[in-house]
Amino acid sequence: MNIDVAKKSAMSLHTDVNSISSHSLRILLRDKDVECDMRYVNSAERKEELFDLNPYGETPVLIDREMVLYEFYPVVEYLDERFPHPPLLPADPIGRGKARLTIARMQRDWMLEIDVAIEKDEQISDELKQSISDGLTALSPLFNHQLYFTGDDYTLVDVMIAPLLWRLKSLGIQLPEKAKPILDYADRLFAREQFELSLSQQEMELGEDI
């Protein structure tokens, strides 16, 4: 299957070929089984066109008929509300709040800096590498007792962390042996058909040595 050839659809996503935030949204769209035209932005010329849709000229940008949305989290919230099945947040308000806070912290602490480095074709800092390694290692014991991040149900938190786990090797992050449970969890995420279908060609190449 050539994933760069998208179906004609009323919805389209302008998506970077390798950013974590864009990848998360592609996974989310696959999980929701939404027909969406994936418009890959992989050149300066294509990025310049985004200013007509987004005053910051950045991906991701979602277009749903007359609706144009940009910035990562508003797009996530819109898609989850627009397509409520399958539900990807816990049923109770406290569970939903905790899941949203986890996503916001991952975005602020890790994902945003990674996406900036990817955009500039630079390596992330040693401090960030250590933060990610320590953080994931500390989380690892969770997966001795549950399948997914918040329990045995797949949620938006899993959608958000999967692209990071896919990029660990390319980011120069080697987890210690005691982090094996989280690596097994990563393998469960990668084995999902929706994850495989979400990958750009560049992202497929990142996983060749995993």
Within segment 106-149, track down each residue that is β-branched (Val, Ile, Thr), at pLDDT below 95 and surrounded by 13 or more Cβ atoms within 10 Å (Cβ to Cβ). 118
Return a yes/no flag: does segment 57-68 have any residue that is among the hydroxyl-bearing types (Ser, Thr, Tyr) and modelled with pLDDT of 95 or more. no
May I ask you to verify whether residue 195 is part of a helix (DSSP H, G or I) and either under 25 Å from residue 58 (Cα atoms) or touching a residue at least 24 places away in the same chain (Cβ under 8 Å) (or both)? yes
So which of 116, 61 is within 29 Å of residue 173 (Cα to Cα) and not hydroxyl-bearing (Ser, Thr, Tyr)? 116
Enumerate the pairs (first residue in segment 48-65 and among the charged types (D, E, K, R); second residue anywhere and in a strand (DSSP E or B)) with beta-carbon separation below 6 Å, excluding pairs fewer than 6 apart on the same chain, so at least 6 apart or on different chains. 64/11
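Residues checked against (1) more than 18 Å from the chain's Cα centre (by Cα); (2) closer than 21 Å to residue 80 by Cβ; (3) outside the structural domain of residue 73 (by TED's automatic domain parsing):
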site: 135; (1), (2), (3): no, no, yes
site: 142; (1), (2), (3): yes, no, yes
site: 152; (1), (2), (3): yes, yes, yes
site: 157; (1), (2), (3): no, yes, yes
site: 164; (1), (2), (3): no, yes, yes
Are any residues in segment 187-198 surrounded by 20 or more Cβ atoms within 10 Å (Cβ to Cβ) and among the aliphatic types (A, V, I, L, M), and if so, which ones? 189
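The values are calculated or read from the model by the stated rules, or taken from the named source; none is laboratory data. Because the structure is a prediction, the values reported are computed rather than measured. Neighbour counts run over all protein chains shown; Cβ positions are idealised from the backbone, glycine included.
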